[in-house]
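Every number here is computed from the coordinates shown, using simple stated rules; none is lab data. Because the structure is a prediction, the values reported are computed rather than measured. FYI the Cβ positions are ideal-geometry reconstructions off the backbone, even for glycines, and counts take in every protein chain you see.
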Amino acid sequence: MVITVLFTPVIISFAKKYRIFDQPDYRSDTMSRKIHKNPTPRIGGAAMMIGFLATALISMNQSPFGVIIFSSILIFLLGLYDDLKNLPAMTRLFCQVAIALGVVVFGDLVLNRIYWTSAYFWQLPYWLGLFLSVFIIVGAINATNMIDGLDGLAGGIILTTTILLCYILFTEFNDTTILIFIGLPLLGALLGFLKYNTHPAAIFMGDGGSNWLGFFSGILILLGTKQLPGNGVLALPLISLLLCFAIPILDTLFVISARLLKGKSPVAPDQLHMHHGLMKLGLNQSQTVTLMYFIAIILGLTGIAPLIFPGYVNWSIPYFAPVLFLLLLYYILKKERSSSPRTPLYRLLADPVKSVTLIGELSFFFGFWERSNRFILYMILILTPILTGGIKNTFIGYLSGILFVVLGILSFSKKHSSGNDFLHSFVLALGALILLISNNLKPISIFLLGYNYNIRDIYNIIFIILTVSILLYIFLTFQKKYLLVTPTDFLMLVLPLILLLFPREIKYQWNLNIIAIRSIVLFVTIRTMIKSHEDFQERIRMIIMISLAFLFFTGALGMRIIY
């Protein structure tokens, strides 16, 4: 990462000196597909390559991936030559196939079987396994190249892909080789480059960079399909690996299919990509990229859900969940393109009656419904520390005290920069997580009228009611403001999802699975309410601060409440 950060300005200066720019499209027709307005250096992939190779060379004599690294250099040089000389499409494809064929044969990456579930697989003949292996690598190269249309988009998507694939390979195979020699150097190079590639980008990765990243994505997918000898672990189902790379795959399939149906060339320029569609809704570059990051993580986690929860999630989920998710996304996008996208659904349903009284009554009902959701949320955040006040946990107590102080400092700060808002939301999300964790530290019961009532069961019922209520409320009053479009939205939703990736022992000890689900419900509820009431965030902050202070006094200082 450090090497890439240091070399990227050098590459920018070199590109400007020799005028190696990606020129914008000055046309206004639908064939124009470039978003940027000014000439931008386009060989940023060289900085990532330098950072990666400098790291790989340190321990090259111990690396079992010499063939892969050498082939990655060739694929980068091919893309770099294309940046400079603009290769014909068929010549470029032929060279990609040749390099992929070489790395598959000499790197022992030929698919010998495809697992559809953890137990069911197809044994492949050598020729078919060879063809599919080459197809995966070449497909990943070109899919990555096709989504490289916005600042930070391709780099961020491949960053997500790399993290998810390396997580799978490490946790399932319990082997650090791939992580050390490929995963971590690749993540470092990507993070270093994204510093300059995030909107507004100072440099683009170019075909050299996108081909190189796509090559490694294909390689990681193939490595995940290989059964490691002697460890007794079955190779992973292919669907789990492909969903980690879902955005490039789905975008490429849709764009190529649409072009062919229109009688156009599969490589013809147009505005059919997912990011073009999102920007037509009115989202800016940063919002579009953030939303696509979120979709990539959701689809990736869907793919590895059976690995995270082997006892609870069936292998049919990775096949059906993405379809349902995409149908939901299609519904949202289609609704936003309609002639009256800001009209709530309940008004559209009542419109044929033409009754002012009915619409007024419905508006009153939905207003009451919205207030009910708010008070359920308040109750959850206020009652949690009171119900757990008799439990002493020093770690939770002191952590709550630290978060209380940080929130207090941020609240009284005079600064209102976006970075401060981002940090403020981050601490708020952490505070909510701590409150939810405290509720799962120890079983608590209430004895009332001769019966014992488990607090967790009551808590679960409240969350189920809130979940159903807020989802129906959003569906019936849907507006574009409910879309996840800001970095803060992205952070507050991804934070609980990260809990699902903790080791199983920690996950079950702290009940992180349930906490992650509850956190997502809280996030969706808070975000929906914030869009309706400007002072709602202030109320939530004060409630969380009071609850954190309560946990500090009871958990760290030993204060007790006697009922």
Phe121's amide H: which non-local residues (gap 5+, or another chain) put their own amide H closer than 5 Å, with H modeled 1.01 Å from N in plane and none for Pro or chain starts?
Trp116
Counting only residues 5 or more places away or on other chains, whose amide H sits under 5 Å from the amide H of Asp22 once H atoms are built in the peptide plane?
Thr40, Arg42
The answer for Ser445, listing residues at least 5 apart or on another chain whose modeled amide H is closer than 5 Å to its amide H, is Ile455
Order of Glu505, Glu172 - criterion: other Cβ atoms within 10 Å of each residue's Cβ, fewest first:
Glu505, Glu172
Within 10 Å of each residue's Cβ, count the other Cβ atoms and sort Ile141, Ile114, Ile68, Ile58 from fewest upward.
Ile58, Ile114, Ile68, Ile141
Using per-residue counts of other Cβ atoms within 10 Å, averaged over each peptide, order 236-245, 536-545 from highest down.
236-245, 536-545
Expressed as a whole number of Å, what is the distance separating the alpha-carbon centroids of segment 233-278 and segment 98-120?
21 Å
Return the sequence-ordered ³J(HN,Hα) values of segment 269-285 in whole Hz as given by the Karplus equation 6.51 cos²θ - 1.76 cosθ + 1.60 applied to θ = phi - 60°, using x for Gly and Pro.
x, 6, 10, 9, 5, 4, 5, 5, x, 5, 5, 5, 6, x, 6, 8, 4
Ranked Phe52, Phe552, Phe502, criterion: other C-beta atoms within 10 Å, fewest first
Phe502, Phe552, Phe52
In order over segment 430-439: 3J(HN,Hα) from phi, Karplus 6.51/-1.76/1.60, θ = phi - 60°, whole Hz, x for each Gly or Pro, gives 4, x, 4, 4, 4, 4, 5, 5, 4, 6
HN-Hα J in Hz across segment 71-80 - Karplus 6.51, -1.76, 1.60, θ = phi - 60°, x for Gly and Pro
5, 5, 5, 4, 5, 5, 4, 4, x, 5
